[in-house]
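Peer 1: The structure follows.
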Amino acid sequence: MVKIRVENAWKEYKKKSEIVQALKNVNVEFEAGKIYAIIGRSGSGKSTLLYNIGLMDTLTKGSIYFNEKNVSQLNDKEKSRLRMKEIGFIFQGFNLNKNLKVNENILLPMFINEKYTKEKRKEKVRALLEMLDIGDKANRFPRELSGGEEQRVAIARALANEPEVILADEPTGNLDEENEKIIFEILKKLSLGGKCVIVVSHNPEIKEYADKIFEMNNGELSKNLY
Amino acid sequence: MYQKSIQAFFRKKTTYLHLAIIIIALAISIITFCIKDYIGNWIELQMEGKDYLKTMVLNAMNEEKQKQIDEAAKEIEKIKYVEEVRKKYLNNISEEHYMYLVTVDNWKHIDYVKKQVDDMGYILGGGKDAFEIQINSAQYIQKFASFVNLFLNILTTIILLLFSINLLKDEKADNMVLKAIGYTNGEIWKIMLVKIIIFVIIAYILSQMIALLLAPIIDTLLFNYGIENYKDYMLNNWNIKPFAYVSLIIFTLGIILYLQINKIKYISDRT
C-alpha cells in the first residue's frame, strides 16, 4: 500500500525576469485507496505540485517520500523507473500519440517494463480495453475517437504498468458532462481498488467523488476542506 | 522500444514532405560534388599525361636582347618550382640564335612561375596555353559545381537543422508522455536519434540512386565540353565524402538533440 508524503516543498522558477514561487512550504500526505482532489485558481500551483509528486520536475527545496523513501534526490534513471512502476499520468489534452493506434498507445509504457512478455502485453491491452469499455476501438487511431473515448485510452495507458498512484491533471477539462461523469467514476473505482488517485481539477463535480479535497492558493496548500 | 515510435514517425505526412525536400537537396549536393571531383581529376589527368605542357619557352626577339635573357635565365633557375632551365640552339637559323626551355615540376605551378617571370619583365611562352581553352571551360564548370555544391551543402544542413527543431517541437507532447510513462532522457534521445538516422540514411540512399540515374544525362552534357567518362566514374567510384558529410550532420544533430532532450520536463502554463 503506497504512501506519499510531501515535506516542506518549495518550488521557484523564472518567468521572464520574474521569480515565481509556485509552491510555498507545502506539507501533505496521500494514501492508497483514496481519491484526492486539489482545486484552486489558475496559476495557484496545483499542477506544479502534481508534477513534482510525479517526479517530472524537481523541487527547489523540500522532499517527497514514497513509502518513507526520499525520492526527490534520485537520478533521472531511478526517477524514470519509479514513474514507470508506480505512477500513471492522465493529462487534460489526453496526449495520445496521434500516429499510433489505440492498442499501440497503450502498449507504449509496457515496452520498457521487463515483467511483460509479448504475449502478456497483448493480453493486458485487451483486458484494459475491456475494463474501460472500449474493446472495439483497439485498431482505431485517436482522431477516430470521441473526447471521452480518448481519455479512456489515456487512462488505459496510465494503468498499463499497474501503478499504485494515478495523477490526473484536469482529466475532464476537455469533456462534456456525460463523459466527465464516466471519467470520475472510473477514477473512483480505481481508488476503491486500492490505488492512490490525485486529481487536479477546476470541476466542482470532483467534490462528489473525492475522499479529501485540498485547495491551492498562491502556492500554499490549505488543510483538508472536507 | 523503438519500433512503435519509428512506426508513428513514418505514419506522418510531414515526414514524407521533409524526406522529399532533403532527397532533392542531397541529390543535387552529391551530383555537384561528383562533377567537381571528377573534373578536378580529369584536368589533372589531362595535364599529367603530357609532360611537354610543363615546359615553357623564353627567347629574345633580337641579338641585342640575347644577353638580357642569359641573365634572366640565371634568375629564373632560382624561382621556386622550376626544375630545369635548358639552353636550346636553333640550328636551322644560326648558332648564335638560341632560346631557353623552362621546365616546372608540376603543371599546377606554371601560372606561378609565369607570374614571377612576368614581374622580371620577360614573357614565358607555351606551357599549357595550347590546352587553355578546353581547360578553362572545364574549370568554369568545376567552379560552378563547387559553388552549387557549397550552397546545397549549407542548404541541406539548414534544412536538416530546421527538420530536427521541428521534430522536437512536433514531438514535444509525445516526448513528455514518454517521460511520464517512465522513459529516461537517454532513452528518449536514442529514439529521436534512431528516427533521424533512419530518415537521413533513407534520404542518402535515395539521393545516391537519383545521382546514379542522372549520370547518363550529365555524361552527355559534359561530353559537349570534351569531358568524357563521367558515367563510368559514377558507376565505378563509390564516393565516401558525401557519406562522411552526412555522418557529420547526424553527429551534430545527435548532440543538439541530446542537449534539448535533457531539458524536457513539465512546464505548466496553468500551474
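Yes/no matrix, rows are residues, columns are (1) more than 30 Å from B:Asn229 (Cα to Cα); (2) modelled with pLDDT of 85 or more:
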position	(1), (2)
B:Arg11	yes, yes
B:Ala27	no, yes
B:Ile35	no, yes
B:Ile39	no, yes
B:Glu77	yes, yes
B:Lys88	yes, no
B:Ile93	yes, no
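Peer 1: Given the options B:Gly226, B:Gly182, name the one that is surrounded by 17 or more Cβ atoms within 10 Å (Cβ to Cβ) and not in a helix (DSSP H, G or I).
Peer 2: Step by step, each of B:Gly226, B:Gly182 is checked, and only B:Gly182 is surrounded by 17 or more Cβ atoms within 10 Å (Cβ to Cβ) and not in a helix (DSSP H, G or I).
Peer 1: I would also like to ask the following. A:Leu187: under 30 Å from A:Gly43 (Cα atoms) and either free of Cβ contacts under 8 Å to residues at least 60 places away in the same chain or in a helix (DSSP H, G or I) (or both), yes or no?
Peer 2: Yes; evaluated as a whole, the condition is true for this residue.
Peer 1: Further question: When B:Ile197 is evaluated against the numbered criteria (1) of a type in the set (A, V, I, L, M, F, W, C); (2) under 30 Å from B:Ile255 (Cβ atoms); (3) modelled with pLDDT of 85 or more, which criterion, by number, is the only one it fails?
Peer 2: (3)
Peer 1: I'd like the residue in segment B:165-199 that is of a type in the set (S, T, N, Q) and out of contact with any Leu (no Cβ under 9 Å at 6 or more places or on another chain) and, out of all such residues, is farthest from the other protein chains (Cβ to nearest Cβ).
Peer 2: Taking segment B:165-199 and keeping what is of a type in the set (S, T, N, Q), we get B:166, B:175, B:184-185.
Next cut, out of contact with any Leu (no Cβ under 9 Å at 6 or more places or on another chain) only: B:166, B:184-185.
Numbers: B:Asn166: 15, B:Thr184: 4, B:Asn185: 5 Å.
It comes out as B:Asn166.
Peer 1: Something else: Could you grab the pairs with beta carbons closer than 7 Å, sequence gap of 6+ or different chains, first residue in segment B:167-181 and under 21 Å from A:Asn75 (Cβ atoms), second one among the aromatic types (Phe, Trp, Tyr) and outside any helix (DSSP H, G or I)?
Peer 2: Filtered contacts from segment B:167-181: B:Met176/B:Tyr266; B:Ala180/A:Phe89.
Peer 1: Something else now. Among (1) surrounded by 14 or more Cβ atoms within 10 Å (Cβ to Cβ); (2) part of a strand (DSSP E or B); (3) of a type outside the set (Lys, Arg), which single condition is A:Asn27 missing?
Peer 2: (1)
Peer 1: Sticking with this structure for a sec: In the list A:Leu175, A:Leu221, A:Leu190, which residue meets the criterion of being hydrophobic (A, V, I, L, M, F, W, C), closer than 24 Å to A:Arg83 by Cβ and under 18 Å from the mean Cα position of the chain (by Cα)?
Peer 2: A:Leu190
Peer 1: I'm told A:Ala158 meets every condition in (1) more than 9 Å from chain B (Cβ to nearest Cβ); (2) among the small types (Gly, Ala, Ser); (3) touching a strand residue (DSSP E or B) at 6+ places or on another chain (Cβ under 6 Å) except one. Can you identify the failing condition by its number?
Peer 2: A:Ala158 satisfies every listed condition except (1).
Peer 1: What is the one condition in (1) closer than 26 Å to B:Ala8 by Cβ; (2) modelled with pLDDT of 95 or more that A:Leu132 does not satisfy?
Peer 2: It is condition (2) that A:Leu132 fails.
Peer 1: Taking the conditions exactly as written (of a type in the set (S, T, N, Q), surrounded by fewer than 20 Cβ atoms within 10 Å (Cβ to Cβ) and within 12 Å of another protein chain (Cβ to nearest Cβ)), does A:Asn139 satisfy them or not?
Peer 2: No, not satisfied.
Peer 1: With segment A:35-131 as the region, which helices (runs of 4 or more DSSP H) entirely inside it contain at least 2 residues that are within 10 Å of chain B (Cβ to nearest Cβ) and among the acidic types (Asp, Glu)?
Peer 2: Helices (runs of 4 or more DSSP H) meeting the threshold: A:76-86.
Peer 1: Further question on the same structure: Do we have A:Ser191 as surrounded by fewer than 20 Cβ atoms within 10 Å (Cβ to Cβ) and away from every other protein chain (no Cβ under 14 Å) here?
Peer 2: no
Peer 1: Considering only residues that are modelled with pLDDT of 90 or more and under 14 Å from A:Asp133 (Cβ atoms), which ones fall in segment A:155-178?
Peer 2: A:Ile155, A:Ala156, A:Leu159, listed by residue number.
Peer 1: Go through (1) within 14 Å of chain B (Cβ to nearest Cβ); (2) part of a strand (DSSP E or B); (3) within 16 Å of the chain's Cα centre (by Cα) for A:Ile4 and report which single condition fails.
Peer 2: (1)
Peer 1: Another question about this same structure. Among the residues of segment B:123-144, are any assigned by TED's automatic domain parsing to the domain that holds B:Lys67, at pLDDT 80 or above and of a type in the set (A, V, I, L, M, F, W, C)?
Peer 2: yes
Peer 1: Related question: In segment B:138-162, how many residues are surrounded by 14 or more Cβ atoms within 10 Å (Cβ to Cβ) and within 19 Å of B:Ser247 (Cβ to Cβ)?
Peer 2: Residues flagged as surrounded by 14 or more Cβ atoms within 10 Å (Cβ to Cβ) and within 19 Å of B:Ser247 (Cβ to Cβ) within segment B:138-162 amount to 10.
Peer 1: May I ask you to say which residue of A:Lys16, A:Lys46, A:Lys11, A:Lys98 is modelled with pLDDT under 95, at negative phi and surrounded by fewer than 22 Cβ atoms within 10 Å (Cβ to Cβ)?
Peer 2: Exactly one of A:Lys16, A:Lys46, A:Lys11, A:Lys98 is modelled with pLDDT under 95, at negative phi and surrounded by fewer than 22 Cβ atoms within 10 Å (Cβ to Cβ), namely A:Lys98.
Peer 1: Now for a different question. Given the criteria at pLDDT below 85, surrounded by 14 or more Cβ atoms within 10 Å (Cβ to Cβ) and in the same structural domain as B:Tyr140 (by TED's automatic domain parsing), does B:Ile6 qualify?
Peer 2: Against the criterion (at pLDDT below 85, surrounded by 14 or more Cβ atoms within 10 Å (Cβ to Cβ) and in the same structural domain as B:Tyr140 (by TED's automatic domain parsing)), B:Ile6 qualifies.
Peer 1: Could you count how many residues in segment A:143-163 are in a helix (DSSP H, G or I) and more than 20 Å from the chain's Cα centre (by Cα)?
Peer 2: Total meeting the criteria: 2.
The values are calculated or read from the model by the stated rules, or taken from the named source; none is laboratory data. It should be emphasised that the depicted structure is a prediction, and the values quoted were computed from it without experimental measurement. Heads up, the Cβs are rebuilt from the backbone with ideal geometry, glycines too, and the neighbour counts pull from every protein chain shown.
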